[in-house]
Amino acid sequence: MIGANQKSGSAEQLVQVEIYNQTYSIRSEGDNEYIIGLADYVDKKMREIASGTMTVDSLKVAILASLHIADELHSMRNLHSQSDAQLASRSAQCTELLDRVLKHRDVAPQELEMEQ
């Protein structure tokens, strides 16, 4: 992380970050700390990749780090999708149970359990 400067009269800011020994100036209307955190994460991934390979070519390191980050993203998307499906299923079960309870207000709870 290097720092941030705000342009006068505009919400757009210039954030300077360091990734793999290179300084980049990034214009952003978002949260500077978020941008800096992303840059730190990319820098960390690139350094992990570089330490595990014999290449010193920063472009190759960047591509391999990008593939690793893309894999993380897709894994998290799949996990999120599975969680959504499980939540939808549980929600449907709860709705069905609630419908049965509302239809059978006069029935004792023990009888409802036996119906399941």
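Each reported figure results from applying straightforward, stated rules to the coordinates on display, with no laboratory input. Since we're looking at a predicted model, the values are computed, not measured. When we count neighbours, we look across all protein chains shown, and the Cβ atoms used for this are built from the backbone with ideal geometry, even at glycine.
A few remarks follow.
- Residue selected from the stretch 42-71 under the condition of a type in the set (S, T, Y) and loosely packed, with under 14 Cβ neighbours inside 10 Å, by the criterion nearest to Q13 (Cα to Cα): S51
- Odd one out for V17, checked against (1) among the hydrophobic types (A, V, I, L, M, F, W, C); (2) in contact (Cβ under 8 Å) with a residue 12 or more places away in the chain; (3) assigned to a helix (DSSP H, G or I): (3)
- Scanning the stretch 52-70 for residues that are more than 18 Å from A39 (Cα to Cα) and assigned to a helix (DSSP H, G or I) yields a single hit, G52.
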